[in-house]
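Derivation of every value follows stated rules applied to the coordinates shown; laboratory data play no part. Quick caveat: nothing in here was measured; it's all calculated off a predicted structure. Note that each Cβ is placed from the backbone with ideal geometry, even for glycine, and that neighbours are counted across all protein chains shown.
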Amino acid sequence: MNDTPGWASPGSAPSDGQQGGTPHPADEAGTPPGRWSAQQPPPGQWSPPSPPPTVPAQPGPPPTAGWGSPGGPAWNRPQAAKPGVIPLRPLGLGEILDGSVSVLRRHWRTALGVTVAVAVVTRVCDVLLERLVLPDPPQIDPSASPSQTLDQAADALQSTLTTSLVSLAVTLIGTLFTTAVLTVVVSRSVLGRDVTFGDAWHEARPRLLQLLGLTLLLPLISAALVAVALVPGFVMGNGAGIAVSVLLFLAAIVVAVWLMIRFSLASPALMLERQGVITSMRRSAKLVRGAWWRTFGILLLAGLLTLLVSLVVAVPFGLIATVADGGSGLDSVLAGNAPHFGLTYTIITSIGSVIASAITLPFSAGVTVLLYVDRRIRREALDLELARAAGIAGYSAQPGPGYTGR
């Protein structure tokens, strides 16, 4: 194993329904796992131990088998090594969230440097496209006839959708870049190693095109499901067709959410294992198998925390921007027209957006990567390979048979 983020080849790991190829250190010099020792007592000579002598009860509270006490769940259990932001063992929810925050604290120069730079460039491009390239949204004439009002509303909706798609494309490119670099940063922080932007970019750059393909493929799958669900309503054109489309639409949303969680670990698998797009999706499906609800809950909680932090940052900047802009945008909304904000409003809200992105993007990337690490620790004993890579004493210097050295 080396210091690159592709810690171990999946090989024929337990994710494939087989036993992992990485031995535990305690098994290397002792009894092979799952077998009886060769030194067994002769048959018929075993007898149960004699009962202990009766001891008179002593006054006082009864003893409890607490955590760390004799008979407790952690009695005589060695503490897991922690070379970086997480202990090398199966992780709990709090450890995943805390590890994500620790990545930002320990590598704040690299993490904030990447996110702030990308957020500034993305926001500037977005503003320039909206103000210089895209046409202004049409205004709705309050004195127009109902048919004219409907046509104007359709034109305004089309203009808004065009602007949103352009903004989404710009944001997608920025998020793609930050996800690739931050994945490498988090993977190095697990081993307790420093990483510069140059190191992270050198590792992430060869995978950008495949990561782009994966990033585009997953939303396209969801959009295809929704489009198929809407077909009966457009084809039949009556109430029955609309009712069928509504039911299919709800089913498509459920299937889309299930697929997004099932493939949620494909991005770190692609970056850290150097796999292709389809292979990474299969890896994610195998890692999430048996833990879909846990994965869903952790990602949902991380998304809610990210949304909360974004609102805490964005709302004050939005209020300040509205007051500084004189409320022109609010007046246009109250008049029933598309919002039209001034340059002052755009600058102030853009500053808030950059600050929010600088905080939330490293956290989101950290949660996804650490969840991927947790699933591989639970299914493939990745903690042993990580301990070897971190140079922790007590682990064999030679990798296990399932390791390829990538």
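Here are a few things to note about the model shown:
- At full extension, Leu112 and Leu305 could sit 67.6 nm farther apart than now, given 0.36 nm per residue minus the alpha carbon distance.
- Relative pair counts by distance (%), Cα atoms of region 170-226, 5 Å bins: 4, 18, 24, 20, 15, 9, 6, 3, 1
- Highest mean first, the peptides 379-391, 79-91 sorted by other C-beta atoms within 10 Å per residue fall in the order 379-391, 79-91.
- Distance distribution P(r), region 268-323, all Cα-Cα pairs, bin width 5 angstrom from 0: 4, 17, 13, 13, 15, 11, 9, 8, 7, 4, 0 percent.
- Distance from region 172-241 to region 244-304 (C-alpha centre basis), Å: 11 Å
- Cβ crowding within 10 Å averaged over residues, with 266-278, 217-229 ranked highest first: 266-278, 217-229
- Whole-Hz couplings from phi, Karplus 6.51/-1.76/1.60, listed for region 125-131; x for Gly and Pro: 4, 4, 5, 4, 5, 5, 8
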